[in-house]
Amino acid sequence: MALTACSIVVTVAAAARSTVPGTPVRPELPAVRADNLAARYAANHRFIAASQRAARDMGDDGRAKVLGQLARKDRHFLSFSPRGDGQVVEVLGDLAHADRIAVVVPGSDTTVDTFDQLGTVYASLNGGARALHAEMTKLQPRRKTAVVAWYGYPAPRTMSRDIVSTDRALDGGRRLAGLLGDLRTVNAAAPVTLLCHSYGSVVCATALRRMDAPAESSLADVVLFGSPGTGVRSRAELRTRVPVWAGRGATDWIEGVPHVSLDLLGEQVGFGTDPVTDAFGARIFPAGPGSHSDYLRPGGLPLRNISLIALGRGTEVSDD
């Protein structure tokens with residue numbers, strides 16, 4: 001359940017490149033504040049470039065190519081790590097001066113290696129975030145917007161037991177709640193919308209339940225799309241006052257996932273109520289005829305509606 005239903009071949013190839021021996025030591029980064037952003041971006045750029053050289057020296061040409069794309073001078077990263085499946089948090093736009101901020105939270109099979117391209121470019125985390133930023137700009141050119149492509153947690157693999165458990169989401173929710181606190185420090189005036197795809201919706205739900213009041217005060221909306229559930233029975237159990245939206249494409253295979261939640265030996269398995277049903281209680285937005293990887297496809301209906309919600313124009317969502 002990633003931003004695309006990727007093949008096992010892609011997943012296994014990414015896993016084979018998951019660790020680069022000799023990786024440089026992660027630098028001490030400036031705190032996430034408006035006046036530190038440029039220095040933080042520069043430090044992460046140097047770290048990515050050094051990691052690329054290390055990968056090349058170790059003969060890992062695939063990872064070196066991936067890091068070469070990340071190391072472009074026009075890209076800005078709040079966080080980065082090449083170890084294991086990695087960590088990549090990229091910022092599109094001017095975070096400190098944005099009028100609106102959207103955070104895209106991905107699902108399974110997201111890694112450093114798939115961050116830029118997973119099946120199709122728009123279905124990758126970076127590609128989807130760029131499509132979202134472009135659509136928000138097109139819909140409201142005079143508004144300053146920023147999008148955060150947040151791969152900041154150890155996403156599960158589709159072909160693993162973790163995909164039916166909330167364990168990865170518990171860790172991810174803690175980290176995501178921390179990011180929202182950081183965004184408030186950087187730009188307290190900008191409303192933030194959480195955009196949560198697939199397993200990422202379980203991460204978002206966990207973050208909402210552990211978020212402190214100052215971080216929640218910056219939240220404007222939460223959008224669940226392609227969601228298997230959130231780990232709770234209803235929107236009320238998310239314990240948030242902000243609007244929660246849900247949408248599903250007509251041909252999204254996630255509809256066939258059993259919507260149950262069981263406690264097996266102290267571990268929660270399954271994600272509970274289907275978010276697009278009346279029983280859950282979310283606001284439903286039209287998501288068109290597409291499949292699991294189509295929500296952020298340029299020119300698509302769901303991208304337009306998700307962008308409108310992120311711009312604070314939820315009353316304008318429509319089915320055409």
How many residues does the stretch 126-155 contain that are among the aromatic types (F, W, Y) and at pLDDT below 95? 1
Filter the stretch 49-59 down to the residues that are buried (at least 19 other Cβ atoms within 10 Å of the Cβ) and out of contact with any Pro (no Cβ under 8 Å at 6 or more places or on another chain) and list them by number. Q52
Would you check if there is a residue in the stretch 97-112 being assigned to a helix (DSSP H, G or I) and touching a helix residue (DSSP H, G or I) at 6+ places or on another chain (Cβ under 6 Å)? no
So in the stretch 190-217, with the set limited to residues that are among the small types (G, A, S) and in contact (Cβ under 8 Å) with a residue 40 or more places away in the chain, which one is farthest from I101 (Cα to Cα)? S198
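Within 25 Å of A220 (Cβ to Cβ), free of Cβ contacts under 8 Å to residues at least 24 places away in the same chain and either under 17 Å from the mean Cα position of the chain (by Cα) or open to solvent by 20 Å² or more (accessible area, probe 1.4 Å) (or both): does that describe P106?
no
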Here's a check for you: in the stretch 287-299, which residue that is under 21 Å from T114 (Cβ atoms) and not acidic (D, E) is surrounded by the most Cβ atoms within 10 Å (Cβ to Cβ)? Y295
Return the residues of the stretch 113-126 that are open to solvent by 10 Å² or more (accessible area, probe 1.4 Å) and either part of a helix (DSSP H, G or I) or in contact with a Pro (Cβ under 8 Å, 6 or more places away or on another chain) (or both); say none if nothing qualifies. V121, Y122, N126
So which of T315, T277 is of a type in the set (S, T, N, Q), surrounded by fewer than 14 Cβ atoms within 10 Å (Cβ to Cβ), out of contact with any strand residue (DSSP E or B) (no Cβ under 8 Å at 6 or more places or on another chain) and not in a helix (DSSP H, G or I)? T277
Complete set of residues in the stretch 134-158 that are under 16 Å from L95 (Cβ atoms), surrounded by fewer than 22 Cβ atoms within 10 Å (Cβ to Cβ) and free of Cβ contacts under 8 Å to residues at least 60 places away in the same chain: T137, K144
Cβ pairs under 7 Å, 6+ apart or interchain, first in the stretch 234-248 and closer than 13 Å to G281 by Cα and in contact (Cβ under 8 Å) with a residue 40 or more places away in the chain, second assigned to a strand (DSSP E or B) and open to solvent by 50 Å² or more (accessible area, probe 1.4 Å), ordered by first then second residue, are P243/R283; W245/R283; G247/I284
Scanning the stretch 193-219 for residues that are touching a Lys or Arg at 6+ places or on another chain (Cβ under 8 Å) and over 21 Å from G270 (Cβ atoms), which turns out modelled with the highest pLDDT? T193
Do we find that I284 is modelled with pLDDT of 95 or more and open to solvent by 30 Å² or more (accessible area, probe 1.4 Å) in this structure? yes
Filtering the stretch 60-74 down to residues that are touching a residue at least 24 places away in the same chain (Cβ under 8 Å) and not in a helix (DSSP H, G or I), which residue is most open to solvent (accessible area, probe 1.4 Å)? K73
Restricting the stretch 300-312 to residues that are assigned to a loop (DSSP other than H, G, I, E, B) and open to solvent by 10 Å² or more (accessible area, probe 1.4 Å), which is nearest to P243 (Cα to Cα)? G312
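Just checking, how many residues over the stretch 82-103 are of a type outside the set (A, V, I, L, M), open to solvent by 10 Å² or more (accessible area, probe 1.4 Å) and at negative phi?
Of the residues in the stretch 82-103, 7 are of a type outside the set (A, V, I, L, M), open to solvent by 10 Å² or more (accessible area, probe 1.4 Å) and at negative phi.
The values are calculated or read from the model by the stated rules, or taken from the named source; none is laboratory data. Fair warning: this is a prediction, and the values are worked out from it, not measured in the lab. Using ideal geometry, Cβ is built from the backbone for each residue, glycine included, and neighbour counts are taken over all protein chains shown. All accessible areas refer to the heavy atoms of the entire protein, side chains included, with ligands and DNA or RNA removed. Shrake-Rupley method; radii C 1.70, N 1.55, O 1.52, S 1.80 Å.
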